[in-house]
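Peer 1: Submitted below is the structure of interest, expressed as structure tokens.
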Amino acid sequence: MSLDVDRIRSEYPALTEGFVHFDGAGGTQPAEPVIAAITRAMRTAVSNRGAGFEPARRSGEIVASARAAVADLVGGDPAGVVFGPSATALTYLVARTLSQGWSSHDEIVVSRLDHDANVRPWVQAAEHAGATVRWADVDVATGALPTGQYRELINADTRLVAVTAASNANGAIPAVRQIADLAHGAGALVYADGVHRTAHLPVDVAALGADFYVTSAYKWSGPHYAAVVATPETWEPLHPVKLVPSPAEAPDRFEYGTLSFELLAGITAAVDYLAGLAPAGDTRRQRVTASMTAVAAYEKELAAKLAAGLAEIESVTVVPAPADRCPTLAFRVAGQSPAETARILGEQGICVSNGDYYAVEFFTAAGLRESGGAVRASIYHYNTADEIDRLLEAVGKL
């Protein structure tokens, strides 16, 4: 089923301002139903969770609904959905908790393709525990994360493998399932950064083989809030430091302080919205899978158009990436810093990112970080072919 892009664009109030948004990898614009849900939650009597009166019961219902929504989005169990302010904060939480049992005899594996939020928390936790850190390297020539190296990196001492499910730098999609199989064969856990992947592809956490999967709602039309998903059985033996009177059961014991009920209402609305983009099926899980399959096909077409157009511009060098990738391209214009390119495009109302986008290890390996990284254009389902043409025309004149 194809997307009705005109209808979709009409449901994003921010698009009426006329900016061309290729900055979705840094945060998408929110859909109107999301804005309405957050507003509604803040206009309605909602108290901290409890059973004694209706406003308290409402907050509990909001939390339960949001857990179910995220579970439907990624194929998880609502009882294993933990919320927090950001993917970075949640990854630090899991890293601190898991590393309580690490020692100098243990090892972890991180990758140079990842956003630093799935690198530094693990490296710092390992350093604190005295554990060894092993690095999976990027093939700079192709922009891919070779799977074969994990056979040498993972061994009986490995406790955790952290890997991105899709790169926010060049869109590369590692073979998470194959890496997870190697990790599980050695008795290690897998923490997958799904922040970039969830916005562009249908997700099935079980099929990926990830023990933990983290995602940020503001990357898929929702509010600035995040979730990490695992099975209840995976959470059960883990006990983070917490306040004495705070809940002892999972997933609540991993959620510090009072949750943002209005943002959770927005998360549920965002999943419902995504499920309605090109729905097919009876359940929300089926509808969101069908819709994200349509999204992936549409975005792939636009990404191919952008890639072909950039290849024809003599002054442009595209940062290498595998052909099968998320619709995210990084490039540089000869004789111009990425920051200057982004500024000039921005003056024309074209929003692109520049820098290393926290993919520190990737751009260091590519030899680009010290010179400003690259310009990044990330396509989202509210983008159009006309906007691709506008970007290409503007870049061609630089």
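The values are calculated or read from the model by the stated rules, or taken from the named source; none is laboratory data. The structure presented is a predicted model; accordingly, all values stated were derived computationally and were not measured. Note: ideal-geometry Cβ built from the backbone for every residue, glycine included; neighbour counts use all protein chains shown. Surface accessibility is based on the protein's heavy atoms, side chains included, excluding ligands, DNA and RNA. Shrake-Rupley method; radii C 1.70, N 1.55, O 1.52, S 1.80 Å.
Peer 1: Working only within segment 12-38, note down all residues that are surrounded by 18 or more Cβ atoms within 10 Å (Cβ to Cβ) and in a loop (DSSP other than H, G, I, E, B).
Peer 2: 12, 22, 28, 29, 30, 31
Peer 1: On the given criteria, is residue 73 under 16 Å from the mean Cα position of the chain (by Cα), part of a loop (DSSP other than H, G, I, E, B), within 29 Å of residue 383 (Cα to Cα) and aliphatic (A, V, I, L, M)? Write out each step before concluding.
Peer 2: Values: under 16 Å from the mean Cα position of the chain (by Cα): yes; part of a loop (DSSP other than H, G, I, E, B): no; within 29 Å of residue 383 (Cα to Cα): yes; aliphatic (A, V, I, L, M): yes.
Taking the combined requirement at face value, the residue does not satisfy it.
Peer 1: What is the number of the single condition among (1) touching a strand residue (DSSP E or B) at 6+ places or on another chain (Cβ under 9 Å); (2) closer than 23 Å to residue 23 by Cα that residue 270 does not meet?
Peer 2: Result: residue 270 fails condition (1) only.
Peer 1: Only one of these conditions is not met by residue 180: (1) within 30 Å of residue 35 (Cα to Cα); (2) surrounded by fewer than 24 Cβ atoms within 10 Å (Cβ to Cβ). Which number is it?
Peer 2: The single condition residue 180 does not satisfy is (1).
Peer 1: Might you check whether a residue that is under 24 Å from residue 119 (Cα atoms), polar (S, T, N, Q) and out of contact with any strand residue (DSSP E or B) (no Cβ under 8 Å at 6 or more places or on another chain) occurs anywhere in segment 211-233?
Peer 2: Scanning segment 211-233, I find at least one residue that is under 24 Å from residue 119 (Cα atoms), polar (S, T, N, Q) and out of contact with any strand residue (DSSP E or B) (no Cβ under 8 Å at 6 or more places or on another chain), so the answer is yes.
Peer 1: Got at least one residue in segment 109-120 being in contact (Cβ under 8 Å) with a residue 24 or more places away in the chain, assigned to a helix (DSSP H, G or I), under 21 Å from residue 231 (Cβ atoms) and in contact with a Phe, Trp or Tyr (Cβ under 8 Å, 6 or more places away or on another chain)? Step through it out loud before you land on a result.
Peer 2: Keep residues of segment 109-120 that are in contact (Cβ under 8 Å) with a residue 24 or more places away in the chain, which gives 109-119.
Retained after the next criterion (residues that are assigned to a helix (DSSP H, G or I)): 116-118.
Now narrow it down to the ones that are under 21 Å from residue 231 (Cβ atoms): 118.
Then drop every residue that is not in contact with a Phe, Trp or Tyr (Cβ under 8 Å, 6 or more places away or on another chain), which leaves 118.
Checked segment 109-120: at least one residue is in contact (Cβ under 8 Å) with a residue 24 or more places away in the chain, assigned to a helix (DSSP H, G or I), under 21 Å from residue 231 (Cβ atoms) and in contact with a Phe, Trp or Tyr (Cβ under 8 Å, 6 or more places away or on another chain).
Yes/no per residue for (1) over 14 Å from the mean Cα position of the chain (by Cα); (2) open to solvent by 20 Å² or more (accessible area, probe 1.4 Å); (3) hydrophobic (A, V, I, L, M, F, W, C); (4) closer than 21 Å to residue 375 by Cβ:
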site: 141; (1), (2), (3), (4): yes, yes, yes, yes
site: 147; (1), (2), (3), (4): yes, yes, no, no
site: 155; (1), (2), (3), (4): yes, yes, no, no
site: 187; (1), (2), (3), (4): yes, yes, no, no
site: 201; (1), (2), (3), (4): no, yes, yes, no
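Peer 1: Say we look at segment 88-98 and pick out the residues that are in contact with a helix residue (DSSP H, G or I) (Cβ under 7 Å, 6 or more places away or on another chain) and open to solvent by 30 Å² or more (accessible area, probe 1.4 Å); which of these is farthest from residue 358 (Cα to Cα)?
Peer 2: Looking only at segment 88-98, we keep the residues that are in contact with a helix residue (DSSP H, G or I) (Cβ under 7 Å, 6 or more places away or on another chain), and these are 88, 91-93, 95-96.
Subsequent filtering for residues that are open to solvent by 30 Å² or more (accessible area, probe 1.4 Å) retains 88, 92, 96.
On the way: 88: 11, 92: 16, 96: 21 Å.
Selected residue: 96.
Peer 1: Being buried (at least 22 other Cβ atoms within 10 Å of the Cβ) and in contact (Cβ under 8 Å) with a residue 12 or more places away in the chain narrows it down to one residue among 230, 206, 175; which is it? Outline the logic, then answer.
Peer 2: Numbers: 206 fails: buried (at least 22 other Cβ atoms within 10 Å of the Cβ); 175 fails: buried (at least 22 other Cβ atoms within 10 Å of the Cβ).
Answer to the check: 230.
Peer 1: Consider segment 278-297. How many of its residues are within 16 Å of residue 28 (Cβ to Cβ) and either outside any helix (DSSP H, G or I) or open to solvent by 20 Å² or more (accessible area, probe 1.4 Å) (or both)?
Peer 2: Within segment 278-297, residues that are within 16 Å of residue 28 (Cβ to Cβ) and either outside any helix (DSSP H, G or I) or open to solvent by 20 Å² or more (accessible area, probe 1.4 Å) (or both) number 1.
Per-residue answers, yes or no, for (1) open to solvent by less than 50 Å² (accessible area, probe 1.4 Å); (2) under 23 Å from residue 322 (Cα atoms):
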| position | (1), (2) |
| --- | --- |
| 112 | no, yes |
| 121 | yes, no |
| 133 | yes, no |
| 164 | yes, yes |
| 170 | yes, yes |
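Peer 1: Let me ask you something else. Could you run through segment 154-177 and say how many residues are farther than 22 Å from residue 363 by Cα and among the hydrophobic types (A, V, I, L, M, F, W, C)? Full working, then the answer.
Peer 2: Narrowing segment 154-177 to residues farther than 22 Å from residue 363 by Cα: 154-160, 177.
Of the ones still in play, those that are also among the hydrophobic types (A, V, I, L, M, F, W, C) are 154, 156, 160.
Total meeting the criteria: 3.
Peer 1: Can we say residue 85 is open to solvent by 40 Å² or more (accessible area, probe 1.4 Å) and either free of Cβ contacts under 8 Å to residues at least 12 places away in the same chain or within 25 Å of residue 252 (Cα to Cα) (or both)? Even if it seems obvious, please write down each step before you answer.
Peer 2: Numbers: open to solvent by 40 Å² or more (accessible area, probe 1.4 Å): yes; either free of Cβ contacts under 8 Å to residues at least 12 places away in the same chain or within 25 Å of residue 252 (Cα to Cα) (or both): yes.
In short, yes.
Peer 1: Now a separate question. Is there a residue being in a loop (DSSP other than H, G, I, E, B), touching a residue at least 24 places away in the same chain (Cβ under 8 Å), over 25 Å from residue 318 (Cα atoms) and of a type outside the set (Gly, Ala, Ser) anywhere in segment 133-156?
Peer 2: yes
Peer 1: Sticking with this one: Is it the case that segment 254-277 has a residue that's touching a helix residue (DSSP H, G or I) at 6+ places or on another chain (Cβ under 7 Å), open to solvent by 10 Å² or more (accessible area, probe 1.4 Å) and farther than 17 Å from residue 217 by Cβ?
Peer 2: The answer is no; no qualifying residue exists.
Peer 1: Considering each residue of segment 48-59, count those that are surrounded by fewer than 15 Cβ atoms within 10 Å (Cβ to Cβ) and within 30 Å of the chain's Cα centre (by Cα), and give that number.
Peer 2: Residues meeting the conditions: 1.
Peer 1: Testing residue 101 on (1) closer than 25 Å to residue 252 by Cα; (2) at pLDDT 95 or above; (3) open to solvent by 10 Å² or more (accessible area, probe 1.4 Å), one condition comes back false. Which one is that?
Peer 2: Residue 101 satisfies every listed condition except (2).
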